[in-house]
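Asks: Have a look at the structure that comes next, please.
The values are calculated or read from the model by the stated rules, or taken from the named source; none is laboratory data. All figures in this text were calculated on a predicted structure; none of them were measured in a lab. In this analysis, Cβ positions are derived from the backbone assuming ideal geometry, glycine residues included, and neighbour counts consider all displayed protein chains. Quick note on the areas: whole protein, heavy atoms, side chains included, nothing else; ligands and nucleic acids left out. Shrake-Rupley method; radii C 1.70, N 1.55, O 1.52, S 1.80 Å.
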Amino acid sequence: MIDAFDLDGRVAVVTGGGRGIGKAIALELAAAGAAVVPTARTTAEVDAVAEEIESSDGTAMAADADVTDPDAVSAVIDRTEAEFGGIDIVVNNAGFNPDDALGRPEEISTESLENVLEVNLSGAFEVTTAAAESLLESDDGSVINIASVGGLVGLPRQHPYVASKHGLVGLTKSMALDWAPEVRVNAVAPGYVSTELTEELEANDQLRQSILDRTPLERFASPEEIAGPVVFLASDAASYVTGECLAADGGWTAR
Ligand SMILES: NC(=O)c1ccc[n+]([C@@H]2O[C@H](COP(=O)([O-])OP(=O)(O)OC[C@H]3O[C@@H](n4cnc5c(N)ncnc54)[C@H](OP(=O)(O)O)[C@@H]3O)[C@@H](O)[C@H]2O)c1
């Protein structure tokens, strides 16, 4: 059964692979045997992740791109196909939740809403469709979208983010239908994870406590605890799983 998690010979593109959850996903996919292309806007961060993979005898190629820039996305996909001969796994992890998108509905501008949708939802669509030919040709094609508990339930004061993540879960299900049986398309919905994205929130005693009170496992996740479900979904261990959104949320949505 252990072999079912083996990703040897597969090629994975991980967006937002320079830090936080994406970095952990890139490292764990590489540890499972995949050649990994971490991509994000900050060159130094994706370079460091690729170096870390290679220093552990893994295979990696860093590539910088903004997921909202179709030309840059195409260039990453082309480079990956040229270097490794194809793409088997796409992990759409790049995402953000900026301050101007937090607040009551009447406080949020349409522009703020659209900015969040452009990165978190359209960016994932852009990367996945750019890799479509390779994915559909692969015998092991798998797309994993990093959603959020905010893709499964409402969260107050986070309307653009919640809309983007519900959209991503919807995209996961509808793409799974069109691309079956060739490519499996799934999502992971993390609860609160200790990363740069949640640094301020975790530093605020009152907010942190309200999250811990709401989380049955009574703690934030580490980025590696999100990477495990991603490796599972990418692997043959999940060969009959598609169109699914797996909550890795410490029980948040079980209430
Ligand atoms: N942390 C949590 O509690 C939590 C919970 C649920 C879901 N999530 C989701 O998990 C994903 C990763 O979150 P995280 O906490 O690891 O965040 P993070 O530490 O802020 O990292 C975000 C990553 O996405 C990249 N990125 C952002 N905008 C991008 C763009 N336009 N184009 C390309 N790359 C971009 C960033 O790199 P550059 O800035 O260099 O581009 C960075 O590598 C996000 O989708 C987030 O919504 C996080």
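Asks: Test SER239 against the criterion of being within 16 Å of the ligand (Cβ to nearest atom), at pLDDT 95 or above and on the phi < 0 side of the Ramachandran plot, and give yes or no.
Replies: no
Asks: Can you list residue pairs whose Cβ atoms sit under 6 Å apart, with the first residue in region 113-141 being more than 13 Å from ASP66 (Cα to Cα) and the second being within 16 Å of the ligand (Cβ to nearest atom) and open to solvent by 40 Å² or more (accessible area, probe 1.4 Å)? Count only pairs 6 or more apart in sequence or on different chains.
Replies: ALA130/SER74
Asks: Let me ask something else about it. So which residues in region 192-214 are within 11 Å of the ligand (Cβ to nearest atom) and either open to solvent by 40 Å² or more (accessible area, probe 1.4 Å) or closer than 14 Å to VAL149 by Cβ (or both), if there are any at all?
Replies: Result: TYR192, VAL193, SER194, GLU196, LEU197, THR198, GLU199, LEU201, GLU202, ILE211.
Asks: Which residue out of SER56, SER109, SER74 is more than 20 Å from GLY18 (Cα to Cα) and among the small types (Gly, Ala, Ser)?
Replies: Details: SER56 fails: more than 20 Å from GLY18 (Cα to Cα); SER74 fails: more than 20 Å from GLY18 (Cα to Cα).
Matching residue, one of SER56, SER109, SER74: SER109.
Asks: Now for a separate question. More than 11 Å from the ligand (Cβ to nearest atom) and open to solvent by 30 Å² or more (accessible area, probe 1.4 Å) - does that describe any residue in region 227-235?
Replies: Yes - at least one qualifying residue is present in region 227-235.
Asks: Right, next: Just the residues that are in a loop (DSSP other than H, G, I, E, B) and away from the ligand (no atom under 13 Å from the Cβ), please, taken from region 9-29.
Replies: Answer for region 9-29, where residues must be in a loop (DSSP other than H, G, I, E, B) and away from the ligand (no atom under 13 Å from the Cβ): GLY9, ARG10.
Asks: Taking region 205-219, which residues are part of a helix (DSSP H, G or I), closer than 20 Å to ALA254 by Cβ and among the aliphatic types (A, V, I, L, M)?
Replies: ILE211, LEU212
Asks: Of the residues that make up region 54-70, is at least one on the phi > 0 side of the Ramachandran plot and open to solvent by 60 Å² or more (accessible area, probe 1.4 Å)?
Replies: Yes, some residue in region 54-70 is on the phi > 0 side of the Ramachandran plot and open to solvent by 60 Å² or more (accessible area, probe 1.4 Å).
Asks: Also, I was wondering about something else. Could you say which residue among ALA163, ALA187 is within 13 Å of the chain's Cα centre (by Cα) and either within 13 Å of the ligand (Cβ to nearest atom) or not hydrophobic (A, V, I, L, M, F, W, C) (or both)?
Replies: Answer to the selection: ALA187.
Asks: Shifting gears a bit: Could you please give the count of residues in region 31-59 that are within 16 Å of the ligand (Cβ to nearest atom) and either more than 18 Å from the chain's Cα centre (by Cα) or more than 20 Å from ASP78 (Cα to Cα) (or both)?
Replies: Final tally of qualifying residues: 9.
Asks: Whether any residue in region 89-104 is without any contact (Cβ under 8 Å) to a residue 60 or more places away in the chain, away from the ligand (no atom under 15 Å from the Cβ) and at negative phi is what I want to check.
Replies: Yes, the conditions are met somewhere in region 89-104.
Asks: Follow-up question, since we're still on this one. Looking at this structure, is VAL241 under 16 Å from the mean Cα position of the chain (by Cα) and within 30 Å of ASP88 (Cβ to Cβ)?
Replies: no
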